[in-house]
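All of the numbers you see were taken from the coordinates with simple rules; none came from a lab. Not measured: the values here are computed from a predicted model. Here Cβ is always computed from backbone atoms with ideal geometry, including for glycine, and neighbour counts include all displayed protein chains.
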Amino acid sequence: MNNRTKIIATTATIAFLAGTSIIATASNAGSNKMMAKPAMEKCAGVVKAGKNDCAGNGHSCAGQAKKDGDANEWVEIQKGTCMKLVNGKVVG
């Protein structure tokens with residue numbers, strides 16, 4: 001193989017690899033669009049103490065629930081899950 005043939009072969013290989021990289025990136029971008037964030041809902045009455053998501057029961061911050069299962073404390077979970085839990089109540 002002479003130098004000219006080696007240069008042509010190298011250039012063709014680089015072009016091929018660049019093309020496959022672009023195709024793979026475009027393919028992954030399409031997959032990411034399909035994995036949208038699931039619908040969420042606020043579920044009260046199932047939170048462990050200190051694990052609530054937001055304000056409630058006279059306080060204004062996450063993580064301040066005083067007791068397990070407080071009916072006024074909530075956590076955000078995937079829609080449709082709350083009603084499957086003992087004492088779960090969808091709020092707001």
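Distance in nm between label sites at Lys66 and Lys79, each 7 Å beyond Cα in the beta-carbon direction?
If labels sit at Lys66 and Lys79, their model points lie 3.5 nm apart.
Among all the lysines, which ones have a C-alpha under 17 Å from Lys89's C-alpha, if same-chain residues fewer than 8 places away are not counted?
Excluding near neighbours in sequence, the set is Lys42, Lys48, Lys51, Lys67, Lys79.
Could you order peptides 9-22, 37-50 by the average number of other Cβ atoms within 10 Å of their residues, highest first?
37-50, 9-22
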